[in-house]
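Since every read-out is calculated from the coordinates, none of them should be taken as a lab result. In this text, all values refer to a predicted model and were calculated from it rather than measured experimentally. Note that we place each Cβ from the backbone using ideal geometry, even for glycine, and neighbour counts take in every protein chain shown.
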Amino acid sequence: MMKVSIMITTKNRSVDLTKTLNVLKGLDPQPLEILITADGCTDDTVEMVKRELPSARLIINEVGIGSIASRDRMVREAQGDLILALDDDSYPEQIDALAHLSHYFEENPKLVVMGIPQRTDEYPESLTQTDFGSARMIRSFTSSGAVLRKSIYMTLPGFAHEFFHMYEEPDYTLQCVAAGYEVIFMPDAPSIRHHWTGSGRSEVRNHQRHGRNEFWSTVMRCPMPYLLPVAAYRIYRQLGYAWSRGMDWVVREPLWWFAAIRGLPRALRARKPVSWAGYRKWLSLK
């Protein structure tokens, strides 16, 4: 059986993380290790983890570096063959979940990321959902419940630190698909319970981060001569979404445009374009 590590990044959500750790302590079999990054925490997260789960590999960022850089470090330092990515408020629903993950990867050597069914408060209908459809290749996954094959991650650019937060999943999926690997949603895999809450989240801020990072991803991955039209389309599509939300969103669109321009030199330095065939294949996925 392939060995499984679990990774979690957290910031000032000690109560949520405590609940998650209590569930993880009851998993049977246990993971090879649990890596937790306290990213700029100013609450009692560090003390709580040391008290509740002293066996965890705790990484402490005194100054926050962002969820993406935190996850990238944990993937690279993990000892497992597979890495189950969780949020501080998500966990497997089945006690024997880890026992069922390996065979998906053993049976399909091209599988590098597996999306997992989630029951999340963000989509209340999912809480009682029993049919998650059929297995399918996907354009992205969610880090609150996905399994990554480490050996392949180490051969690709991986999560882009430039993004800080948001959009690392579609960008990494693009890397995988363009390299000839598969990112697949497995509806019969062990499910994840995600206690998502809208508290403390800003839809406008997340939209702007998504737009900025999507633009940077295009600069970093899209080959010439397609880069310019694809980048222009990305801006147009994000503006269209803002328009659908109202003028108070539209007038704030230039904020992420300026942020994207300021970070353009860094995105260009990180540019590693994929083939157009690979980029098109990724675009065709849902």
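Just a few scattered comments:
- For the chain, the relative contact order is 19 percent, taking Cα pairs closer than 8 Å that sit 6 or more residues apart in sequence and dividing their mean separation by the residue count.
- Placing +1 on each Lys and Arg Cβ and -1 on each Asp and Glu Cβ, with no other charges, gives the range 1-159 a dipole about its Cα centre of roughly 540 debye.
- In this Cβ point-charge picture (+1 for Lys and Arg, -1 for Asp and Glu), the chain has a dipole of about 1300 debye about its Cα centre.
- Non-local lysine pairs in the range 4-194, meaning eight or more places apart or on different chains, with alpha-carbon distances under 26 Å, amount to 8.
- Coarse-grained scattering of the chain at q = 0.13, 0.16 Å⁻¹, given as base-10 log I(q)/I(0) from a Debye sum over alpha-carbon atoms: -0.94, -1.41
- Net +/- balance of residues flanking Phe105 in space, Cβ distance below 14 Å, scoring K and R +1, D and E -1: 0
- Basic side chains Lys and Arg get +1 at the Cβ, acidic Asp and Glu get -1 at the Cβ, and with that the dipole of the range 238-286 about its Cα centre reaches some 380 debye.
- Reachable aspartates and glutamates from Lys281, criterion Cα separation under 20 angstrom, eight or more residues apart if same chain: Glu168, Glu169, Asp171, Glu182, Glu214
- Amide H to amide H distances under 5 Å link Thr37 with Ile8, Thr9, Thr10, Ile59, where only residues 5 or more positions off or on other chains count and H is placed in the peptide plane.
- Under 5 Å from the amide H of Ile192 lie the amide H atoms of Glu93, Gln118, Arg119, each residue being 5 or more positions distant or on a separate chain, with H modelled from the backbone and absent for Pro and chain starts.
- Hydrophobic, long helices, defined as DSSP H runs whose alpha-carbon span along the helix axis is 20 Å or greater and whose mean Kyte-Doolittle value is at least 0.0, occur in the chain at 227-245.
- With the charge dipole of the chain set up from +1 on Lys and Arg Cβ and -1 on Asp and Glu Cβ about the Cα centre, the Cα lying farthest toward the positive end among the listed residues Val274, Ser191, Ile152 is that of Val274.
- 5 angstrom amide H check on Glu122, placed H, neighbours 5+ away: Trp196
- The HN-Hα couplings worked out from phi for the range 123-139 by the Karplus form 6.51 cos²θ - 1.76 cosθ + 1.60 (θ = phi - 60°) are 10, x, 5, 6, 5, 10, 5, 10, 10, 9, x, 10, 5, 7, 6, 10, 7 Hz, whole numbers, x standing for Gly and Pro.
- For the residues Leu98, Leu127, Leu111, a GNM of the chain with alpha-carbon springs under 10 Å puts the largest fluctuation on Leu127.
- Mean projected area in nm² (Cα convex hull; one quarter of hull surface) for the range 204-265: 3.8
- For the options Asp16, Asp43, Asp88, a Gaussian network treatment of the chain with springs between C-alpha atoms closer than 10 Å singles out Asp43 as fluctuating the most.
- Most mobile of Ala259, Ala85, Ala99 in a GNM of the chain (Cα contacts under 10 Å): Ala259
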